[in-house]
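To start, the structure under review is shown below, and the notes come after it.
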Amino acid sequence: MLRYTLIRLLAAIPVLFFVVLITFTLVHTAPGGPFDDERKASPEVLEGLNRHYNLDAPIQKQFVDYVANLIQGDFGPSFKYPNRSVSELISTGMSTTLELGIYALLFAMCLGALTGIAAGLKPNSLQDYMPMSIAMIGICLPSFVMGPLLVLLFGIYLEWLPVAGWGLSPGDKLLPSITLGAAYAAYIARLTRNGMLDVMSQDYIRTAKAKGLPQYRVVIFHALRGALAPVISFAGPAAAGLLSGSFVVETIYQIPGLGRFYLQAAFNRDYTMILGTTIFFAVLIIFFNILADILLAWVNPKLRQSLRGNSR
Amino acid sequence: MISSLLTKKSQLNTALQQYESGRSLRQDAFVRLKKNKLAVFGLIVLSLMIVLSLLTPWIAPYSYEAQNLDLGASPPSWQHWMGTDIFGRDQFTRVLYGSRVSLMVGFIATSVALCIGVLWGTIAGYVGGRVDAIMMRIVDVLYALPFSIFIILLMVVFGRSLLLLFLAIGAVEWLTMARIVRGQVLNLRHQEFVEAAVSLGLSRWQIMTRHIIPNILGPIIVYTTLTIPSVILLESFLSFLGLGIQPPQSSWGSLISYGVETIEEYPWLLIYPSVVLSLTLFALNFLGDGLRDAFDPRTSKD
Amino acid sequence: MPLLSVSNLTTRFYTREGVTNAVENVNFSIDEGELLGIVGESGSGKSVACYSLLGLVPCPPGKIESGEALFDGKDLLKIGERALRDIRGNSISMIFQDPMTSLNPYMRIGDQLTEAYRQHKKSSKTEALSRAIASLEEVGIRDAEKRINAYPHEFSGGMRQRVMIAMALISEPRLLIADEPTTALDVTVQAQILELLKNLQEKRKLSIIFISHDLAVVSNIANRVLVMKQGEVVEQGEVAQIFNAPTHEYTKKLISAIPASGKPAEHKFASSSDKLLSVENLYTRFNLQSGSFFNRKNEKLTAVNNVSLDIYKGEILGLVGESGSGKSTLGRSIIRLIEADSGSVRLGDQNIRSLSPSDLRKARLQFQMIFQDPFASLNPRMTVFDALAEPLITHKLIDEKNLIQTINELLDDVGLERKYVRKYPHEFSGGQRQRIAIARALALRPKLIIADEPVSALDVTIQAQILELMLSLSKKHNLTMLFISHDLAVVRYICDRVMVMQSGCIVEQGETETLFNSPQEAYTQSLLAAIPQIPSATG
């Protein structure tokens, strides 16, 4: 397992390099520069700015310099916030965004898995149709519709919860987390239900029942592992989805997270900030993909053994 | 099918008419689909949406950019079914025009994904071996990339053009399609009837067109139907962030984003486009689920 | 007083397509220490009857309509799920057909074994563990103490079935229900498992209900037999009585369907000197890829190991072997569905192995194949007409005028009604589909037909019909056939000459009766010894 993990981590390096290369090229071939707004700036000032930010060097050199700094953990200075480095900005936004993502993921996992299991145990009954219909609504109501509706209902009409902010007033984390997690709860519920249906018709479940085990043991010890496998492999894509979903949620609830920083940076053509955040996001997503694969192998002994490689 | 094998079918077909015709799997699937009320509902809603969006220039009551600042934002009325926005533009007209953009993006970007994905998946699955390993490895690597972030970057950097949107979304969505198609082809390739076709002396092309493609059509149709809503969602998401369509043009996402800004004062500006968007997504998802159940008798048996 | 007595058991399934009477008014009983066999073809309700007793029939769609099942003075059908749970795996245990899928792949076998014991006996973990080890040793698993931490996939098929048996016996049940416990196993392994069950039964005074489609196997092990057909018990009695004096038509039909018990086929001729196909020094190897993408190891498995053989015109040559012996690979290598690594295959004056792809396609009309699974060997989207017309049109063997006529003749040949010509495969039964597949192979009038387990997926009575059909067709058209099968009885019935294959090599060959009556090699002897003997044949 350790060996597999190491190999996967090593294999991520070229992928990351690829990400850096694409992003760097995209940003630098784009029409317009970061200082277009500073119309009144004299040519000398512009030149100075360019020199300061290493923009006058040939593009290849810029790239090499950038990667060299990157390896040392330096994302460079921000163009728009001259006194702050990208690393600083990322770490400011990161904690908020990660917190939001984790709450949303927890909400999605718990609600999704529970309803999915319940539905999968009694297919084609009310216990199946009810949650699955609600899950369908969750999938068809995008976060940017669900969010405002929740705000309208709980924030404006009922006045139970604050309509914006993060960590400023009690309960203000609830609505953003639900908004972000709802669609994933719905997906997970559907995945779990189908996984459950699949597993419950397996021969080894029949064996477990024939042993006289009570229902809860059959479900928890025999069915769950198999049923949750598709959910685990969904964790990678879910992480990516949650990150981009956080852009919307942070916009709706005016949360100072990484998503908003990223959007501002993109609109402002803040090159280093765009590059930095993109790479940071890529690392997160790749990390979650690897984590999901490792978890999957850990759950499945057969897969685990085949990954061990030198076992024979 | 008979006609696909024979060049001159007339004489033969009349000779065969005397025998009772069988029911193909596709006909069976259609019968099952027709029994599924939600799927039929989805199909009707979807058809209605498509017809309305096609006829928009002729049926829209107002011009989508005609402002009426005296009117301002007004709640729904007989003149303006969905009310007007702060510039006095008719919301119903704007939703209609928005549906043109959203549906077009949905269908065209899905077609892009479909073309690349099916081609890629079929080649990988059928050729197999090293080619397959390399092709699928590329897909794996691309899967790990933060695409939604790339798309945002693209839209920001190169400006908001529809063409770019099609390409960008299509470029993301083909990956899953390729995986699904490859899995199906691989599975079929080891079926005995394909081996039988090989041992009958059929060429690769004949095996491909007569034995493999007809059998993967079902899953492709199903997955296509389920891809369209996710593409529409992605476009709306971008438009919501202000990265999609350029004003004064509108799409559902951009309308929703205006609606959110004035949610307290003029809730109808949010509610109507949201309802239309969700309704379309519902219709497509129901139809897709229905198609899947209809094509895969295993799931419809229980 | 019997251990279990079942009366008037009726179970129905309510599905969208309608109501099926899976079990209809079934009565039987089993005594202490008795081994009762239940025989029937697929859909006869033999498994459902037993599942109903233990509440293992999924309800809905199933529903137990009526009946009484007295076990230990309690009616199993009335006591309810909670009380049944105390009986399942405790005083009544079950084992199932496929040991591959019947054990939980995610759990160590030790946990799976102790789980039931701890549930029922409320024992400590250590006690349960020592019981589990003892139980594994009892069923013949060596190094039980070490292997108890293994996962199911680390065992072979036969060993897995032993684990299943150990698991069923750990709580010392009084009744064991064995549902087709040897069907998925090779014949030598089957013999071992049957032996084991018999020993356990004697040693423990265990009662066993043995469910099987195979009359021969049941007659070998059971004291008494119950014959079921479409949910009803048509006959029951002592084994000898059932075989020697069957009263019901269906029982007679079942018995006559056992290939060896019917009259042996008239073998056409000892051998013709006319060689049709000769294979020399054929090798086929597969790459076994293990490990991940980055750390891939290529090991080679030699599936066909230096095989040479001749097939003479007009003969049916049997190729027998257990699973993994390479018999299917050999068949497919001969006609280049799988590319061999070296060796030659000559058909007439052509070396098939050196043909270019386009020449090979043209040459393919000389050799055709019949496959095992009639559900997978026909393209589900082609009508019977299309399936039969395709080879004819591809090879331009026929003009349009004669097409319908030819196809009708093919259908007549295989005994399928002409009116079905526009139907699709899923509208036919397994036996009918196999007839279509045979017609497709015959369409090109091939010189050689390779039949890979053509009757293994079929019920015994259907199997008998298809074998009969193949024999009559081979006589009518003077076919040459390579008949691949794991079933020695079938091979003995249909083949003129037999080859025995073991791990890629041909270990023995000879004329059928000679080989069956006086096998030379130890492996052949052990194979033959493992065939379940039928009482009426022995005496």
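Structure above, values below:
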{"quantity": "Within the range C:296-357, strands (runs of 3 or more DSSP E) holding 2 or more residues that are of a type in the set (G, A, S) and touching a residue at least 12 places away in the same chain (Cβ under 8 Å)", "calculated": "C:297-312, C:342-347"}
{"quantity": "Matching residues in the range B:71-112 - criterion: being acidic (D, E) and either more than 19 Å from B:E265 (Cβ to Cβ) or assigned to a helix (DSSP H, G or I) (or both)", "calculated": "none"}
{"quantity": "Qualifying residue in the range C:198-207 (condition: closer than 29 Å to A:M200 by Cα, buried (at least 16 other Cβ atoms within 10 Å of the Cβ) and of a type in the set (A, V, I, L, M, F, W, C))", "calculated": "no"}
{"quantity": "Qualifying residue in the range A:95-116 (condition: in contact with a strand residue (DSSP E or B) (Cβ under 8 Å, 6 or more places away or on another chain), more than 14 Å from every other protein chain (Cβ to nearest Cβ) and surrounded by 17 or more Cβ atoms within 10 Å (Cβ to Cβ))", "calculated": "no"}
{"quantity": "Cross-chain or 6+ apart pairs with Cβ under 6 Å, the range A:129-151 first and in a helix (DSSP H, G or I), then of a type in the set (S, T, Y) and open to solvent by 30 Å² or more (accessible area, probe 1.4 Å)", "calculated": "A:P131/A:T115"}
{"quantity": "C:G415 vs. criteria at positive phi, surrounded by 16 or more Cβ atoms within 10 Å (Cβ to Cβ), modelled with pLDDT of 85 or more and more than 9 Å from chain B (Cβ to nearest Cβ)", "calculated": "yes"}
{"quantity": "Qualifying residue in the range C:263-280 (condition: open to solvent by less than 20 Å² (accessible area, probe 1.4 Å), modelled with pLDDT of 90 or more and under 27 Å from the mean Cα position of the chain (by Cα))", "calculated": "no"}
{"quantity": "Condition broken by A:V283, with the remaining ones in (1) open to solvent by less than 30 Å² (accessible area, probe 1.4 Å); (2) facing another protein chain (nearest Cβ under 10 Å) satisfied", "calculated": "(1)"}
{"quantity": "Any hit, the range B:192-201, residues being assigned to a helix (DSSP H, G or I), crowded, with 20+ Cβ neighbours inside 10 Å, more than 13 Å from every other protein chain (Cβ to nearest Cβ) and at pLDDT 85 or above", "calculated": "no"}
{"quantity": "Condition check for B:I50: assigned to a helix (DSSP H, G or I), under 28 Å from B:L241 (Cβ atoms) and open to solvent by 40 Å² or more (accessible area, probe 1.4 Å)", "calculated": "yes"}
{"quantity": "Within the range A:229-270, tally of residues that are more than 9 Å from chain B (Cβ to nearest Cβ) and of a type in the set (K, R)", "calculated": "1"}
{"quantity": "Selected residue (criterion: nearest to the chain's Cα centre (by Cα)) from residues of the range C:69-83 that are assigned to a loop (DSSP other than H, G, I, E, B) and small (G, A, S)", "calculated": "C:G80"}
{"quantity": "Yes/no for C:M1 being free of Cβ contacts under 8 Å to residues at least 12 places away in the same chain and open to solvent by 60 Å² or more (accessible area, probe 1.4 Å)", "calculated": "yes"}
{"quantity": "Criterion: surrounded by 24 or more Cβ atoms within 10 Å (Cβ to Cβ), in contact with a Leu (Cβ under 9 Å, 6 or more places away or on another chain), among the β-branched types (V, I, T) and modelled with pLDDT under 85 - qualifying residue of A:I188, A:I274, A:I255", "calculated": "A:I274"}
{"quantity": "Selection count where residues are within 10 Å of chain A (Cβ to nearest Cβ) and open to solvent by 10 Å² or more (accessible area, probe 1.4 Å), scope the range B:229-248", "calculated": "7"}
{"quantity": "Residue within the range C:158-169 that is open to solvent by 30 Å² or more (accessible area, probe 1.4 Å), over 18 Å from C:A116 (Cα atoms) and out of contact with any His (no Cβ under 6 Å at 6 or more places or on another chain) present", "calculated": "yes"}
{"quantity": "Residue count, the range C:96-111 (criterion: more than 8 Å from every other protein chain (Cβ to nearest Cβ) and either surrounded by 24 or more Cβ atoms within 10 Å (Cβ to Cβ) or among the small types (G, A, S) (or both))", "calculated": "3"}
{"quantity": "One residue from A:L9, A:L70 being farther than 22 Å from A:R269 by Cα, under 23 Å from the mean Cα position of the chain (by Cα), at pLDDT 70 or above and not β-branched (V, I, T)", "calculated": "A:L9"}
{"quantity": "Helices (runs of 4 or more DSSP H) lying entirely in the range C:93-187 (those with 1 or more residues that are within 28 Å of C:L53 (Cα to Cα))", "calculated": "C:99-102, C:109-121, C:125-138, C:157-169"}
{"quantity": "Qualifying residue in the range B:129-138 (condition: within 14 Å of chain A (Cβ to nearest Cβ) and at negative phi)", "calculated": "yes"}
{"quantity": "Meets criteria (open to solvent by 30 Å² or more (accessible area, probe 1.4 Å), part of a helix (DSSP H, G or I), within 14 Å of chain C (Cβ to nearest Cβ) and free of Cβ contacts under 8 Å to residues at least 60 places away in the same chain) for A:Y216", "calculated": "yes"}
{"quantity": "From the options A:L21, A:L89, residue that is open to solvent by less than 80 Å² (accessible area, probe 1.4 Å), more than 30 Å from A:L296 (Cα to Cα), within 14 Å of another protein chain (Cβ to nearest Cβ) and modelled with pLDDT of 80 or more", "calculated": "A:L21"}
{"quantity": "Candidate set from the range B:269-293 (those that are away from chain A (no Cβ under 11 Å) and open to solvent by 40 Å² or more (accessible area, probe 1.4 Å)); member that is nearest to A:R190 (Cα to Cα)", "calculated": "B:D293"}
{"quantity": "Any hit, the range B:151-159, residues being within 12 Å of another protein chain (Cβ to nearest Cβ), out of contact with any His (no Cβ under 7 Å at 6 or more places or on another chain), over 25 Å from A:G241 (Cβ atoms) and assigned to a helix (DSSP H, G or I)", "calculated": "no"}
{"quantity": "Number of positions in the range C:20-61 that are away from chain A (no Cβ under 14 Å) and not in a strand (DSSP E or B)", "calculated": "12"}
{"quantity": "Total residues in the range C:361-383, condition facing chain B (nearest Cβ under 8 Å) and assigned to a helix (DSSP H, G or I)", "calculated": "5"}
{"quantity": "Qualifying position, being modelled with pLDDT of 85 or more, open to solvent by 10 Å² or more (accessible area, probe 1.4 Å) and among the small types (G, A, S), among C:S377, C:S325, C:S354", "calculated": "C:S354"}
{"quantity": "Condition check for B:D140: open to solvent by 10 Å² or more (accessible area, probe 1.4 Å), under 30 Å from A:L263 (Cβ atoms), assigned to a helix (DSSP H, G or I) and not hydroxyl-bearing (S, T, Y)", "calculated": "yes"}
{"quantity": "Test result for B:E265, open to solvent by 40 Å² or more (accessible area, probe 1.4 Å), more than 8 Å from chain A (Cβ to nearest Cβ) and either modelled with pLDDT under 85 or closer than 26 Å to B:V157 by Cα (or both)", "calculated": "yes"}
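The values are calculated or read from the model by the stated rules, or taken from the named source; none is laboratory data. This structure is a prediction, so every number in the text was calculated from the model and none was measured. Please note: Cβ atoms are built from the backbone with ideal geometry, for glycine as well, and neighbour counts cover all protein chains shown. SASA here: full protein model, heavy atoms, side chains in, ligands and nucleic acids out. Shrake-Rupley method; radii C 1.70, N 1.55, O 1.52, S 1.80 Å.
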